[in-house]
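**Q** Would you mind keeping the following structure in view while I ask a few things?
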Ligand code: 13P
Ligand code: SF4
């Protein structure tokens, strides 16, 4: 257990090493509170990819998961990208391999591939566009309506995008994030019954997102109080909305930031057990070790990086 004194000392040392190495710390909204609090940039996947593309720092310490650090490495081959724990993976990124994508493409030779950013660099290299939950709808809308699309790997995000765009020529890979898929519609309904005045914020990766859309369309959930949003847009919405109670259907780490920015409002997890074990692996001790020991350096082979970069740059440009 880190005491306050040890924690303050760790933070001081991290600051010293950050200056020494001209480093920047990027952290995802699901990281543990202490790591969120020391980040130079805290955000959703799109915001972090943009920050990685724009930084003038020499070293990027990525407090997130492996595919995020890989994306930063693709955008910055000349910089050092560090992931403080190599075990920080992603069950969604693991749900499709490059070989599986090659086979799928062979079945649909005319299709363009839209890959969610939660994929390996090898999968991105075989894709035409990348997207995040913030801009998936805008990316699909930017593709001519008669163009067949392969959308991967998240089936819930795919169903959400299909519904929003009205696109019928879109094939969806049946992958899922085990954390978001575990947030079930019946849990959301139960929490909503207990908090009838709360607004509902749902991440499109959730098992409950398609049913939330259906229930909203049917008038069961009030349209004006149900919002399907990326983690970054959830934070903005929580700040700007007039409501003072919110049910949050995503990984619970985001509640730290919501509560910090809006101390007078109340945030209730739709499922308090929606915890991503990968996002919780990075600690202050590991951030310090990363800076001191230059670990763990994430690189992507040049040929893969060059191909993946095209899809990633399209993602950064749109939405
Ligand atoms: P966003 O932060 O882009 O909404 O994505 C959530 C997520 O699960 C990242 O792994
Ligand atoms: Fe991957 Fe899900 Fe964790 Fe996000 S929450 S990093 S999609 S396992």
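We did not get these values from a lab; they are worked out from the coordinates using the rules stated. Computed from a predicted structure; not experimentally measured. Note: ideal-geometry Cβ built from the backbone for every residue, glycine included; neighbour counts use all protein chains shown.
**Q** How would you rank 49-55, 142-148, 108-114, highest first, on the average number of other Cβ atoms within 10 Å across their residues?
**A** 49-55, 108-114, 142-148
**Q** Would you mind classifying segment 178-293 by shape? Square roots of the alpha carbon gyration tensor eigenvalues, ordered a ≥ b ≥ c; an a/c under 1.5 is rounded, otherwise it is prolate if a/b is larger than b/c and oblate if not.
**A** In terms of gyration-tensor shape, prolate.
**Q** Determine, for each peptide in 292-300, 132-140, the mean count of other beta carbons within 10 angstrom over its residues, then list the peptides with the highest first.
**A** 132-140, 292-300
**Q** Just check the chain against the gyration tensor rule for me: Cα atoms, a ≥ b ≥ c as the square roots of the eigenvalues, rounded for a/c under 1.5, and otherwise prolate or oblate depending on whether a/b exceeds b/c.
**A** Oblate is the answer for the chain, as a/c is 1.5 or above yet b/c matches or exceeds a/b.
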